[in-house]
Ligand SMILES: Cc1cc2nc3c(=O)[nH]c(=O)nc-3n(C[C@H](O)[C@H](O)[C@H](O)COP(=O)(O)O)c2cc1C
């Protein structure tokens, strides 16, 4: 059974936890800006994502503090100086990164407090974080205020002008290797996830060719109490029903426990044989 929750009925803290627990894992923008007098500022923002690749637009949100409805230094800085750097957060720096979320006075640099090294950027005045494997030099195109009360966000819409990518995280095809970049994601409360190793899986789906779909499978397969939705989807992703010859061959090979055998075949990438066994 599902619980119906009306966000407006909750306290600001409960609402925040409901949102961040549900929309997770979130990437983390580790944002470097310049304050008054050229002071470096660094803070993590997980209300963050990419929204366009041409032009390359990324957006993060700086919320008004629930406690006292004040705004954060990052927002104050970008309202005055529209250049910033978004650095990614890899596993190697995740604990260090959390130190920068402490509410230091504006004249204290989080670089110094958390032991990060500022490196000069090439286009904007805000520095890159040396320890981060990818830095994005950005210009703020727009800031959209989402509300007036504590907890209200300000969407900071950024265009990426230049990227600096550590060559150690690139694979032989010149693409970013998720296991090497080893990014961290934020969930609800104090939970984080590490996007490498067993946490990463590959799901290849050709989007140009037609598929059978769930409605193209025999009903007894779709209604199976043994097979999971993911297993049925592997068969629904096939382009056509297997021919009689394959059906006869696999049925002769596996005369019993067909749904269980089908699940095992799917696990080793033999969805066509699995479907041939079940129809
Ligand atoms: C992983 C992580 C993600 C965060 N995401 C956000 C966010 O999306 N929006 C926000 O307003 N605060 C977020 N915070 C809290 C800010 O980082 C914190 O308020 C920080 O002190 C703001 O620094 P600033 O005043 O220098 O901008 C996050 C904190 C952590 C540790």
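Given a 10 angstrom Cα cut-off, can you work out which residue in 69, 87, 206 is the most mobile in a GNM of the chain?
206
Nearest 0.05, what FRET efficiency do residue 196 and residue 117 give at R0 = 25 Å with Cβ-Cβ as r?
Efficiency, rounded to the nearest 0.05: 0.60.
Compute the length gained on full extension between residue 10 and residue 226: take 0.36 nm times their separation in residues and subtract their Cα-Cα distance, giving the result in nm to one decimal.
So the chain would gain 73.8 nm between residue 10 and residue 226.
What is the extension gain from residue 152 to residue 215, computed as 0.36 nm multiplied by their sequence separation minus the C-alpha to C-alpha distance, in nm to one decimal?
18.4 nm
Can you check what the Kirkwood hydrodynamic radius comes to for the range 214-278, Cα pairs only, in Å to one decimal?
11.5
In nanometres, what is the gap between the two model label sites at residue 177 and residue 270, each 7 Å from Cα along Cα-to-Cβ?
3.2
What percentage of all Cα-Cα pairs in the range 154-279 are separated by more than 25 Å?
For the range 154-279, the fraction of Cα-Cα distances above 25 Å is 50 percent.
How are the alpha carbon pair distances in the range 7-199 distributed across 5 Å bins from zero to the largest one, expressed in percent?
Taking every Cα pair in the range 7-199, the percentages come to 1, 8, 16, 20, 22, 17, 10, 4, 2, 0, 0.
Using only the Cα atoms, what convex hull volume per residue in Å³ does the range 4-51 have? Don't skip to the end; give the middle numbers.
Working: hull volume 6.1 nm³, N = 48.
So the per-residue Cα hull volume is 128 Å³.
Given R₀ = 41 Å, what would the calculated FRET efficiency be for residue 207 paired with residue 101, taking r from the Cβ atoms and rounding to 0.05?
In this case the efficiency is close to 0.60.
What nm distance separates the two modelled labels at residue 71 and residue 17, each placed 7 Å from Cα along Cα→Cβ?
With each label point 7 Å from Cα toward Cβ, the separation is 3.0 nm.
Please report the spacing between the Cα centers of the range 208-255 and the range 67-126 in Å, no decimals.
Cα centroid of the range 208-255 versus Cα centroid of the range 67-126: 52 Å apart.
Could you give the length gained by full extension between residue 24 and residue 1, i.e. 0.36 nm per residue of separation minus their alpha carbon distance, to one decimal place?
Taking residue 24 through residue 1 to full extension adds about 6.1 nm, to one decimal.
Read the figures in this text as sums done on the coordinates, not as results from a lab. All of these numbers come straight from a predicted model, not from anything done at the bench. Positions of Cβ are backbone-derived with ideal geometry, glycine not excepted, and every protein chain shown enters the neighbour counts.
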